[in-house]
Amino acid sequence: MGFNPQELSDFARHYGFHYDDCDAFALVKDVLADMERGLEGKSSSLPMLPSHIFPVARVPAGKTVLAMDAGGSNLRAALVHFTEDGQAVAEGTQKTFMPGSKGRVSSGEFFDALADLALPLLREKKVEGIGFTFSYPMEAVENADGIPLSFSKEIDAPEVIGKPVGQGLRQALAAKGFDYSGNIVLLNDTAATLLCGYVSINADGGAEKSKNAYGFAGAPVIGFILGTGFNTAYPETKIPKIGFNSPDSPQIVVCETGNFNVRYCGQLDREFDSTTQNPGTYTLEKTASGAYLGPLTLYILKQAVRDGVLRFKKSDDLLAMPLLGTRTLNEFLKAPLSGEGPLGALFGLDEGDALAGAQYIASIITERGALFSAAVLAASVERLQFNMKPYLPVRIAVDGTTYLAFKGMRRAIDAQLHRLLFREKPRPYIISPVEQASLLGAAVAAICKA
């Protein structure tokens with residue numbers, strides 16, 4: 001058959017998933033328009049959720065807080081304080097399984113489990129606040145508590161839905177003889193990533209801690225999650241739907257950008273969407289995140305086989321393949337010549353052209369996901385009310401294995417974002433991964449409210 005890049009590109013354009021057919025600058029405007037509608041409370045694919053958390057430019061040294069993190073299957077807690085040079089120090093880290101991950105629990109059992117983890121640390125040292133990263137859909141309320149709307153990741157705790165987590169933790173601690181009257185701040189993992197960026201990324205964007213002789217606080221920070229899911233958060237000065245207007249003290253807004261209804265999706269995207277558990281929602285997330293990149297790529301490769309643009313002896317095996325996980329796809333893309341794995345083993349040693357075709361199609365899908373991601377980040381940068389200076393770049397704090405580890409994704413996002421932000425004038429930024437974002441971000445949130 002021969003490797004024919006033009007035919008493969010035409011296939012991608014015919015079905016509407018080629019990145020070259022996307023006007024990235026128009027897409028930025030689309031995102032900005034939906035952000036504005038969401039902030040005003042109008043119909044929008046972006047809910048623009050207020051967090052009621054106000055980031056501080058500098059984290060006070062010496063204060064100790066309790067940081068908690070409810071993630072997938074694990075629940076973590078640690079005592080955290082910050083040194084004079086802004087370094088976070090976590091002590092006494094405790095970890096247990098997430099209540100509800102091993103079978104159904106009642107609301108009482110759920111909050112008891114939270115209190116059991118927190119209590120030894122609270123008795124060990126007086127804290128000036130509790131920060132709790134709760135990585136499940138929730139509504140943040142004005143006192144910075146959070147009300148779960150649903151549970152994902154196989155957590156079975158239906159009685160907890162609709163009940164304030166901070167209040168439940170406080171009551172469970174009281175039932176165990178410990179009266180805690182301080183703040184309990186609930187936040188999601190994207191807001192936590194943003195807050196972690198304030199303490200992890202230098203004001204000048206440098207990777208290493210360097211002297212700041214001028215004492216500048218630094219530009220705002222944007223939080224970006226590209227892992228299993230997709231989301232962004234940024235500090236907003238004006239939220240008309242709640243009557244918030246504070247130019248000097250913005251609060252974090254969680255955009256839920258995975259739900260953005262991106263217009264540059266084609267026939268195969270729509271067909272794939274109909275096979276998911278939540279058709280019609282999380283349109284952008286289904287083009288770029290780790291939960292969907294593998295399954296979407298498999299769906300498109302199957303169409304390539306049916307259309308005859310991919311031909312190899314075991315093509316029927318690919319058509320019969322029920323699932324291709326993103327991790328498995330990534331292993332194939334990183335070592336395509338190994339001839340191993342569920343995908344790599346399908347291509348015979350004399351079928352290098354078909355092997356190249358499969359990798360070529362996957363790279364188009366990756367590049368489009370990167371373009372969509374960069375457009376969302378560029379829109380977030382444009383929303384910021386900040387007089388940008390070259391020595392104070394906007395800081396984009398990133399967490400998530402799809403950005404960090406999926407082949408080609410990080411490099412493509414960086415390249416697309418630079419193009420979007422530097423076309424008309426230089427808009428300085430730094431995009432930097434942050435470590436322990438959920439736990440350290442929870443600590444910063446507690447200090448912000450302390």
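The values are calculated or read from the model by the stated rules, or taken from the named source; none is laboratory data. Everything numeric in this text was worked out from a predicted model, so none of it was measured. All Cβ positions, glycine included, derive from the backbone under ideal geometry; neighbour counts span all protein chains shown. Ligands, DNA and RNA are stripped out before the accessible areas are found, and what is left, the full protein with its side chains, is counted by its heavy atoms. Shrake-Rupley method; radii C 1.70, N 1.55, O 1.52, S 1.80 Å.
If I go through segment 368-405 residue by residue, how many of them are in a helix (DSSP H, G or I), open to solvent by 10 Å² or more (accessible area, probe 1.4 Å) and of a type outside the set (D, E, K, R)? Write out each step before concluding.
Quick first cut of segment 368-405, residues in a helix (DSSP H, G or I) only: 368-383, 401-405.
Imposing the further condition that a residue be open to solvent by 10 Å² or more (accessible area, probe 1.4 Å) reduces the set to 382-383, 401, 404-405.
The next check asks that each one be of a type outside the set (D, E, K, R); those that pass are 401, 404-405.
Of the residues in segment 368-405, 3 are in a helix (DSSP H, G or I), open to solvent by 10 Å² or more (accessible area, probe 1.4 Å) and of a type outside the set (D, E, K, R).
Where the second residue is open to solvent by 20 Å² or more (accessible area, probe 1.4 Å) and outside any loop (DSSP other than H, G, I, E, B) and the first is over 13 Å from GLU382 (Cα atoms) and among the charged types (D, E, K, R) and lies in segment 25-51, which pairs have Cβ atoms under 9 Å and are six or more apart or on separate chains? Close Cβ pairs satisfying both conditions: GLU40/PRO240; GLU40/LYS241; LYS42/GLU36; LYS42/LYS241.
Residue count for segment 332-354, restricted to those that are out of contact with any Asp or Glu (no Cβ under 8 Å at 6 or more places or on another chain), open to solvent by 20 Å² or more (accessible area, probe 1.4 Å) and not in a loop (DSSP other than H, G, I, E, B): 7. Considering (1) assigned to a strand (DSSP E or B); (2) within 30 Å of TYR282 (Cα to Cα), the lone condition that HIS81 does not fulfil carries the number (2).
A quick yes/no check of all residues on (1) modelled with pLDDT of 95 or more; (2) more than 17 Å from VAL185 (Cα to Cα); (3) not in a loop (DSSP other than H, G, I, E, B):
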position: GLY108; (1), (2), (3): yes, yes, yes
position: ALA113; (1), (2), (3): yes, yes, yes
position: TYR136; (1), (2), (3): no, no, no
position: GLU139; (1), (2), (3): no, no, yes
position: ASN143; (1), (2), (3): no, no, no
position: LYS153; (1), (2), (3): no, yes, no
position: ASP156; (1), (2), (3): no, yes, no
position: LEU169; (1), (2), (3): yes, no, yes
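When segment 275-309 is filtered for residues that are open to solvent by 10 Å² or more (accessible area, probe 1.4 Å) and more than 27 Å from the chain's Cα centre (by Cα), the ones remaining, listed by number, are LYS302, GLN303, VAL305, ARG306, ASP307, GLY308, VAL309.
Filter segment 220-237 down to residues that are under 18 Å from VAL394 (Cβ atoms) and either out of contact with any Pro (no Cβ under 9 Å at 6 or more places or on another chain) or surrounded by fewer than 20 Cβ atoms within 10 Å (Cβ to Cβ) (or both), then give me how many there are. Reasoning before the result, please.
Initial filter on segment 220-237 (under 18 Å from VAL394 (Cβ atoms)): 220-226, 231-237.
If we keep only those that are either out of contact with any Pro (no Cβ under 9 Å at 6 or more places or on another chain) or surrounded by fewer than 20 Cβ atoms within 10 Å (Cβ to Cβ) (or both) too, we end up with 223-226, 231-233, 237.
Residues meeting the conditions: 8.
Looking at segment 22-58, which of its residues are farther than 28 Å from GLY146 by Cβ and either of a type outside the set (Val, Ile, Thr) or out of contact with any helix residue (DSSP H, G or I) (no Cβ under 9 Å at 6 or more places or on another chain) (or both)? Scanning segment 22-58 gives CYS22, ASP23, ALA24, PHE25, ALA26, LEU27, LYS29, ASP30, ALA33.
Note down all Cβ pairs under 7 Å where the first residue falls in segment 362-376 and is over 13 Å from PHE260 (Cβ atoms), the second is among the small types (Gly, Ala, Ser) and outside any helix (DSSP H, G or I), and they're at least six residues apart or on different chains. From residues that are over 13 Å from PHE260 (Cβ atoms), the pairs are SER363/GLY408; THR366/GLY408.
A quick yes/no check of all residues on (1) of a type in the set (D, E, K, R); (2) within 25 Å of TYR198 (Cβ to Cβ); (3) in contact with a Phe, Trp or Tyr (Cβ under 8 Å, 6 or more places away or on another chain):
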{"site": "LEU79", "(1), (2), (3)": "no, yes, no"}
{"site": "ASP112", "(1), (2), (3)": "yes, no, no"}
{"site": "GLY129", "(1), (2), (3)": "no, yes, no"}
{"site": "GLU159", "(1), (2), (3)": "yes, no, yes"}
{"site": "GLN167", "(1), (2), (3)": "no, no, no"}
{"site": "GLN171", "(1), (2), (3)": "no, no, yes"}
